[in-house]
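Working notes for the structure below.
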Amino acid sequence: MEKKKIKREKQVPEKKQKILKELVELMQKNRTTMIASIGGVPSHQYQKIKKALKGKADIKFVKKNLVLMAIDKSKDLEHLRNKVDKNFAVLFSQLDPFELAAILSDLKSQTKLKPGQISDKDIILEPGTTDIMAGPALAEFTNAKVKVGVDQGKIAIKEAFVIKAHHPVPAEVSLILERLEMKPLTIGIKPLAAIDINEHKLYDKINIDKEEATRLLSICSQEAMNLALNTDYTCKETINMLLAKANMQSLAISQMLNQNSPQPEAPSTPAAQ
């Protein structure tokens with residue numbers, strides 16, 4: 001008679017059960033649960049960010065299987081499962097996802113781009129004279145295929161040089177960036193997705209770039225002002241400039257009319273007797 005095999009559920013060690021319980025409690029009591037990438041963040045930077053988040057958010061760096069188990073035990077968080085990958089952390093906060101993402105954006109820092117590392121945006125070396133004295137460094141620029149010359153004893157970049165995003169940086173180019181004291185690589189915790197349990201909403205790709213947002217707002221503001229002035233739209237922001245514009249136009253018209261109007265003839269002088 002064959003013995004039936006009894007499948008036993010794998011017991012979760014007590015230490016892991018404690019961590020799992022804590023994760024579930026954090027997910028249930030906080031407004032925001034966020035999955036974020038910590039890839040490329042050095043240990044000292046991670047600790048600095050963790051300290052800065054104190055009182056605003058809890059950040060946990062735990063194993064993937066425990067996070068997935070905690071998600072399964074929590075309501076409305078199942079959409080975060082596919083965001084849990086490698087090099088991730090979980091953040092919990094009473095702030096809404098965008099407020100938390102904005103704080104993480106402020107905590108980013110700039111660092112050197114080492115050989116083999118990848119930038120997420122193009123880096124451009126603009127033409128112009130550098131502070132680097134001509135000498136051995138001239139050959140380093142040439143090896144990196146940067147077109148240079150010499151201006152008053154200093155290395156001058158002759159043409160714009162573009163370091164393409166999403167490509168590993170060659171060692172020669174990395175050396176040039178170091179020579180120029182450039183720190184083009186942004187490091188920090190990058191939000192991947194978050195769930196707001198108050199609003200019952202999933203927010204995807206909420207990585208906030210404040211500098212870019214400020215730049216776009218500035219462009220939009222200028223374009224809106226130009227449109228308002230060109231269409232004579234009156235509001236408190238445009239009224240002074242529109243009045244000045246009207247005054248200049250009236251002066252120009254007045255001057256043009258004076259130039260085109262016939263000049264009165266001078267009275268004739270009686271002939272001398």
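Before we move on, is Leu91 surrounded by 14 or more Cβ atoms within 10 Å (Cβ to Cβ), of a type in the set (A, V, I, L, M, F, W, C) and not in a strand (DSSP E or B)?
Spelling it out, it is not the case that Leu91 is surrounded by 14 or more Cβ atoms within 10 Å (Cβ to Cβ), of a type in the set (A, V, I, L, M, F, W, C) and not in a strand (DSSP E or B).
Of all residues in the range 189-231, count the ones that are polar (S, T, N, Q) and touching an Asp or Glu at 6+ places or on another chain (Cβ under 9 Å).
1
His44 is checked against (1) at pLDDT 90 or above; (2) in a helix (DSSP H, G or I) and fails just one. What number does that condition carry?
The number of the failed condition is (1).
Residue under question is Arg81, and the condition is that it be at pLDDT below 90 and within 23 Å of Glu199 (Cα to Cα); does it hold?
Yes.
For the range 113-153, which residues satisfy the criterion of being loosely packed, with under 13 Cβ neighbours inside 10 Å and either basic (Lys, Arg) or in contact with a Pro (Cβ under 6 Å, 6 or more places away or on another chain) (or both)?
Lys114, Gly116, Lys145
Determine which member of the set Lys86, Lys56, Lys51 is modelled with pLDDT of 90 or more and either surrounded by fewer than 13 Cβ atoms within 10 Å (Cβ to Cβ) or closer than 20 Å to Asp204 by Cα (or both).
Unique residue meeting the criteria: Lys51.
Kindly provide the set of residues from the range 210-238 that are farther than 27 Å from Phe98 by Cα, polar (S, T, N, Q) and surrounded by 10 or more Cβ atoms within 10 Å (Cβ to Cβ), ordered by number.
Across the range 210-238, the qualifying residues are Asn226, Thr234, Thr238.
For the condition out of contact with any strand residue (DSSP E or B) (no Cβ under 7 Å at 6 or more places or on another chain) and in the same structural domain as Thr32 (by TED's automatic domain parsing), what is the one hit in Ile176, Ile197?
Only one candidate passes the filter, namely Ile197.
Please verify whether the range 64-86 includes one or more residues that are more than 22 Å from Ile208 (Cβ to Cβ), among the β-branched types (Val, Ile, Thr) and part of a loop (DSSP other than H, G, I, E, B).
Checked against the condition, which is being more than 22 Å from Ile208 (Cβ to Cβ), among the β-branched types (Val, Ile, Thr) and part of a loop (DSSP other than H, G, I, E, B), the range 64-86 yields no hits at all.
The values are calculated or read from the model by the stated rules, or taken from the named source; none is laboratory data. The structure displayed is predicted, hence computed values, not measured ones. Every residue, glycine among them, receives a Cβ derived from its backbone with ideal geometry; neighbour counts consider all protein chains shown.
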